[in-house]
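The values are calculated or read from the model by the stated rules, or taken from the named source; none is laboratory data. Predicted model only: the values in this text are computed from it and were never measured. All Cβ positions, even for glycine, are placed from backbone atoms using ideal geometry, and neighbour counts span all protein chains on display. The accessibility values were calculated without ligands, DNA or RNA, using every heavy atom of the protein model including side chains. Shrake-Rupley method; radii C 1.70, N 1.55, O 1.52, S 1.80 Å.
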Amino acid sequence: MKKRILLQNANNRGFTLIELMVVIVILGILAGLIVPRIMGRPEEAKQLKAKMQIESLETALKLFNLDNGFYPDTEQGLQALVEKPDSGRIPKNWKNGGYFEKGRLPKDPWQNEFVYLSPGIHGDFDISSYGSDGVPGGEGKNSDINNWEIE
């Protein structure tokens, strides 16, 4: 009886937890956009997309912190996730290629930049989208979406 020997290729690896999380977030964003549009609620879809994008930014910031032992400060901003900072506290273990796969930061669904504050008032960092009107405050479709309010 012959024994079968399976050889594994060193390049044949599985997915990392981070890769799986990114895929899940992307699928969540897509589901959050498509389902409400079908149901005729595009503004709710945009608010859901903003929440998912903020969660994605939080994940990238936490990875930055794991690699470097600190969060980018307000001056470095979220840009520190795609370009290695050259001022302020310089990260020593910054991930080559950055913390976003496409090398650019997402804009909120209303095409505005996310607002980032570190250290934050509500935690280590605060991330906000000012909603459809692009200014702080507001109600309904103009309400702000903040990382400390996302469940």
Pairs with Cβ under 6 Å, 6+ apart, first in the stretch 131-151 and within 17 Å of A45 (Cα to Cα), second modelled with pLDDT under 90 and basic (K, R): S132/K141
Subset of the stretch 26-56 that is in contact with an Asp or Glu (Cβ under 7 Å, 6 or more places away or on another chain) and modelled with pLDDT of 85 or more - its residue that is least open to solvent (accessible area, probe 1.4 Å): A50
In the stretch 91-108, the residues that are farther than 21 Å from D67 by Cβ and open to solvent by 20 Å² or more (accessible area, probe 1.4 Å): K107
Qualifying residue in the stretch 36-50 (condition: of a type in the set (K, R), in contact with a helix residue (DSSP H, G or I) (Cβ under 8 Å, 6 or more places away or on another chain) and under 16 Å from N147 (Cβ atoms)): yes
Complete set of residues in the stretch 57-73 that are part of a loop (DSSP other than H, G, I, E, B) and either open to solvent by 40 Å² or more (accessible area, probe 1.4 Å) or in contact (Cβ under 8 Å) with a residue 60 or more places away in the chain (or both): G69, Y71, D73
Qualifying positions in the stretch 134-144 - at pLDDT below 90, assigned to a loop (DSSP other than H, G, I, E, B) and exposed (fewer than 14 other Cβ atoms within 10 Å of the Cβ): V135, G137, E139
Pairs where the first residue, in the stretch 74-88, is under 16 Å from K107 (Cα atoms) and free of Cβ contacts under 8 Å to residues at least 24 places away in the same chain and the second is open to solvent by 20 Å² or more (accessible area, probe 1.4 Å) and among the acidic types (D, E), C-beta under 9 Å, 6+ apart: A80/D73
Verdict on D124 being within 14 Å of the chain's Cα centre (by Cα), in a loop (DSSP other than H, G, I, E, B) and within 15 Å of N146 (Cβ to Cβ): no
Residue count, the stretch 101-113 (criterion: touching a helix residue (DSSP H, G or I) at 6+ places or on another chain (Cβ under 6 Å) and within 19 Å of L61 (Cβ to Cβ)): 3
Test for Q76: is it surrounded by 15 or more Cβ atoms within 10 Å (Cβ to Cβ) and not in a loop (DSSP other than H, G, I, E, B): no
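Condition check ((1) of a type outside the set (A, V, I, L, M); (2) out of contact with any Lys or Arg (no Cβ under 8 Å at 6 or more places or on another chain); (3) assigned to a loop (DSSP other than H, G, I, E, B)) across all residues:
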position: P85; (1), (2), (3): yes, yes, yes
position: Q111; (1), (2), (3): yes, yes, yes
position: S128; (1), (2), (3): yes, yes, no
position: S132; (1), (2), (3): yes, no, yes
